[in-house]
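A.B. asks: The structure's right below; bear with me while I get my questions together.
The values are calculated or read from the model by the stated rules, or taken from the named source; none is laboratory data. Quick caveat, the model's predicted, so the values are computed rather than measured. Cβ coordinates were reconstructed from backbone atoms using ideal geometry, including for glycine residues, and neighbour counts include every protein chain displayed.
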Amino acid sequence: MEDDMFSGIGDPTQVETKVAQKLHKNFIQVQSILDQNRLLINEINQNQESKAPVNLTRNVGLIRELNNNIRRVVDLYADLSTSFAKSTDASSEADSAGTTLRSEGRGGQKRLRPG
């Protein structure tokens, strides 16, 4: 899905804009999940303090939900890391292409000379 995010983009500014948008979107999602986790943890603590069997049983489901949320946060951060790495590669390639054009005075890639 996100693998094609940077394909065909030669303008580093476009790459930076897309990365910034993705970072913003993912950080909003992460913050939302973390806010939800805070509420879950508070409820789990209250249930634990009450020591009522019904509340302790409910904690099992709440802890599962908390664990799933943590997995989602990890996945979002992994996705961010991958996207950032790809953007850095795309930006480096664009910078290299621009340097090649300026240094050789023509398009294309530098030729390696034997010897």
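Conditions (1) at pLDDT below 95; (2) in contact with a His (Cβ under 9 Å, 6 or more places away or on another chain); (3) surrounded by fewer than 12 Cβ atoms within 10 Å (Cβ to Cβ), marked per residue:
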residue: 45; (1), (2), (3): no, no, yes
residue: 52; (1), (2), (3): no, no, yes
residue: 63; (1), (2), (3): no, no, no
residue: 70; (1), (2), (3): no, no, no
residue: 77; (1), (2), (3): yes, no, no
residue: 86; (1), (2), (3): yes, no, no
residue: 89; (1), (2), (3): yes, no, no
residue: 108; (1), (2), (3): yes, no, yes
residue: 113; (1), (2), (3): yes, no, yes
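A.B. asks: I'm trying to understand the selection: among the residues of region 45-84, which are of a type outside the set (A, V, I, L, M, F, W, C), under 21 Å from residue 29 (Cβ atoms) and free of Cβ contacts under 8 Å to residues at least 60 places away in the same chain?
C.D. replies: 64, 65, 67, 68, 69, 71, 72, 75, 77, 81, listed by residue number.
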